[in-house]
Structures are given as structure tokens and as C-alpha cells.
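See below for the structure under consideration.
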Amino acid sequence: QVQLVESGGGLVQAGGSLRLSCAASGRTVSSYTMGWFRRAPGKEREFVATITKSVGIIYYADSVKGRFTISRDNAENTVYLQMNRLKPDDTANYYCAATTGIYVLERAYYAAQNYNYWGQGTQVTVSS
């Protein structure tokens, strides 16, 4: 099994940047599809980005495309989410997630229910 620990959250002004890290232990991140999700107060958990295992295909939510970048460092066994040009609407608790599943449909990678392992989250707050 894999254990996930997020870090890098904080308080930033609109237009600023943060880099979130998801450190994995127990297994290599390359053997899992790794995703980032977020949940704002009073709202449902929302897909942000994912990178598939092995081949490393990347998908982004439309709301973050062009601003966020997901990457994987196999040597450090860590997945990152670089967040640029942050907006107040990006304020949320950000979660790292992992799954061993392989799916035919792209939308399956957007579904939180398809991820088996979760970190505890890191808070991102963007001020106006």
C-alpha cells in the first residue's frame, strides 16, 4: 500500500504561485495513477489534475488548465502541483490521491471514487 502526505499549502495573494508536494511511501509513484483534488468549504470535492501510471498521460480540469501543472519525480517518489496565477476561487483544501486502476474512459480519471488512497490535505487560501 502507499501512504501520501501533502505539503506546500499556504496563504497567497491573487496572481501568486504555490507548489504543492505529495510525498509517497510504501510504493513508487510511478506504479500509481496520481491525482490532485480540492474541496472548498460547503462544496463537493472537485477534480484538479491527474497523471496516469507508467505512461504518464496528464489531464486537467478546465478551471485550472493553463495555470496548474502536475508532474512526477520518480527519484524523489513525489508528485507536484505547480499552481500559478492563483485566483480566490482556487481557495480549498487540496488532496493528493492514488489509484492502481486503468480506465478506458478519460472521465474515469476525474472521479474521486476511483481513487483508493488519499492524503490528509493541505490548505490553500488565495486572498483578493
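The values are calculated or read from the model by the stated rules, or taken from the named source; none is laboratory data. Given the structure is predicted, the values throughout are model-derived calculations rather than measurements. FYI the Cβ positions are ideal-geometry reconstructions off the backbone, even for glycines, and counts take in every protein chain you see. Keep in mind that these areas ignore ligands, DNA and RNA; they rest on the heavy atoms of the full protein, side chains included. Shrake-Rupley method; radii C 1.70, N 1.55, O 1.52, S 1.80 Å.
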>> Restricting to region 71-100, name every residue that is more than 22 Å from residue 11 (Cβ to Cβ) and crowded, with 17+ Cβ neighbours inside 10 Å.
In response: 72, 77, 78, 79, 97, 98, 99
> So which of 67, 85 ends up being in contact with a Gly (Cβ under 7 Å, 6 or more places away or on another chain), within 20 Å of residue 128 (Cβ to Cβ) and among the charged types (D, E, K, R)?
Replying inline: 85
> For the subset of region 113-128 comprising residues that are farther than 24 Å from residue 99 by Cα, open to solvent by less than 90 Å² (accessible area, probe 1.4 Å) and of a type in the set (S, T, N, Q), which member is farthest from the chain's Cα centre (by Cα)?
Replying inline: 127
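Could you tell me whether residue 15 is assigned to a loop (DSSP other than H, G, I, E, B), out of contact with any strand residue (DSSP E or B) (no Cβ under 6 Å at 6 or more places or on another chain), touching a residue at least 24 places away in the same chain (Cβ under 8 Å) and not hydrophobic (A, V, I, L, M, F, W, C)? So that I can check it myself, show each step before the final result.
Details: assigned to a loop (DSSP other than H, G, I, E, B): yes; out of contact with any strand residue (DSSP E or B) (no Cβ under 6 Å at 6 or more places or on another chain): yes; touching a residue at least 24 places away in the same chain (Cβ under 8 Å): yes; not hydrophobic (A, V, I, L, M, F, W, C): yes.
Considered against the rule, which asks whether it is assigned to a loop (DSSP other than H, G, I, E, B), out of contact with any strand residue (DSSP E or B) (no Cβ under 6 Å at 6 or more places or on another chain), touching a residue at least 24 places away in the same chain (Cβ under 8 Å) and not hydrophobic (A, V, I, L, M, F, W, C), residue 15 comes out as yes.
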